[in-house]
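Inspection log for the structure reproduced underneath, given as structure tokens.
Each value in this text was obtained by applying a stated rule to the coordinates, not by laboratory testing. No experiment lies behind these values; they were computed from the predicted model shown. Note that we place each Cβ from the backbone using ideal geometry, even for glycine, and neighbour counts take in every protein chain shown.
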Amino acid sequence: MSDDAVRFPSIDGLRAFEAAARLGTFERAADELAVTASAVAKRVATLEDLLGTALFDRRGRGLQLTAAGKEYLGQVRAALGLLAAVPLHRRSAQRMQRLRVCAPPTFAREVLVPALEGFTRARPDVELEVVLSIPFLDISPADADVEVRSGDARTTGGAVLLRDRVRPLAAPALLHRLPPLRRPADLAHAPLLRTPLEPWGPWLRAAGLDWPEPAHGPRLVDLGMVLEAAVSAQGVALARPTLARRWLAAGALVPLFDVDAEPAHAYHVRAQGGGDAAADFVQWLAGVCRDVEADAREALRAARSAQR
């Protein structure tokens, strides 16, 4: 149906008609709508002109609905009910401040999302949306108010979130199949999981090994996939205990050796908009990351104690 065939009344006209029909006079309707009685009468008259039929019988005292008015009232109430049910039409929804946060997938799943309830309790007036970036392709939504990135914070700006150290982690099932791994050089007999997001170079240098990057096995471009592969006993992962702490706590992964290293990339956060909500979110997330670091240290300590 073309737009020319449809006659759309104004919302103000529909509300004036519904209030007058329910309350019985233009004066009472005017009080409810915070306008004058003449304004209500004019809106109803405009609606009747548009429809080409009278909605009220104005003879006698008060307002009486015509047959057409009674039928139309049911339709108007249904339409206004649908419009009132739209969340964005409610004043409480209009007062909500929207904040869009972008984060890498594994950071979002292992650090951000498990703690989100704390932020929503602290800022119930903020409607939070979390979207994922693609770190390997360096793709992030352009309209994020807050962005968590993995890279060099000195060149991209932002505050460092996690003071991470990387170390080899492996599943007990894998260790049972391999010769004993007592020192770093013993990794020559173990499959090493590969990802461009967490190169082995920094740790190999810290361990005194002049080895190139691993050249065999699947190349995984997501840190979460690397951890899942390690849990599945497919190889040794170079991982951050902050991201692997739940597997460490469950015994699904165990740390190897007492050598760790600073990772090639750091997680950092930058607010790009969002006003006070973004500033509060950044401060809250920094606190979450401090707790995560403490949890990771405890998970490592417990895992090493269990190995002795």
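Points worth noting:
- For the range 244-291, the fraction of C-alpha pairs farther apart than 14 angstrom is 70 percent.
- At R0 = 51 Å, FRET efficiency that the Cβ-Cβ distance of A79 and A249 yields, to 0.05: 0.40
- Cα-based convex hull, the range 37-84, per residue volume (Å³, whole number): 95 Å³
- With a Förster radius of 41 Å applied to the C-beta separation of E71 and R121, the computed FRET efficiency comes to 0.25.
- Highest-fluctuation residue, R123, R297, R61 considered, GNM on the chain with Cα pairs under 10 Å: R61
- Working note: Debye formula, equal point scatterers on the alpha-carbon atoms of the range 186-227, no solvent; log10 I(q)/I(0) at q = 0.14, 0.15, 0.17, 0.18 Å⁻¹ is -0.31, -0.36, -0.46, -0.52.
- Bins of 10 Å from zero: percent of alpha-carbon pairs in the chain: 5, 21, 20, 13, 10, 9, 9, 8, 4, 1, 0
- Considering only R163, R149, R15, the Gaussian network model of the chain with Cα springs below 10 Å gives its largest mean-square fluctuation to R15.
- A Förster radius of 25 Å, combined with the Cβ-Cβ distance separating S305 from R182, puts the computed FRET efficiency at roughly 0.90.
- log10 of Debye I(q)/I(0), alpha-carbon scatterers only, for the range 154-242 at 0.16, 0.21, 0.25 Å⁻¹: -0.66, -1.08, -1.43
- Note on R98 and L33: the model spin-label points, each 7 Å out from Cα along the C-beta direction, lie 3.0 nm apart.
- Kyte-Doolittle at least -1.0, axis length at least 15 Å by Cα - qualifying DSSP helices, the chain: 11-23, 37-51, 67-84, 275-307
- P105 sits among other residues whose Cβ lies under 13 Å from its own Cβ, and their net charge, with Lys and Arg +1 and Asp and Glu -1, is -1.
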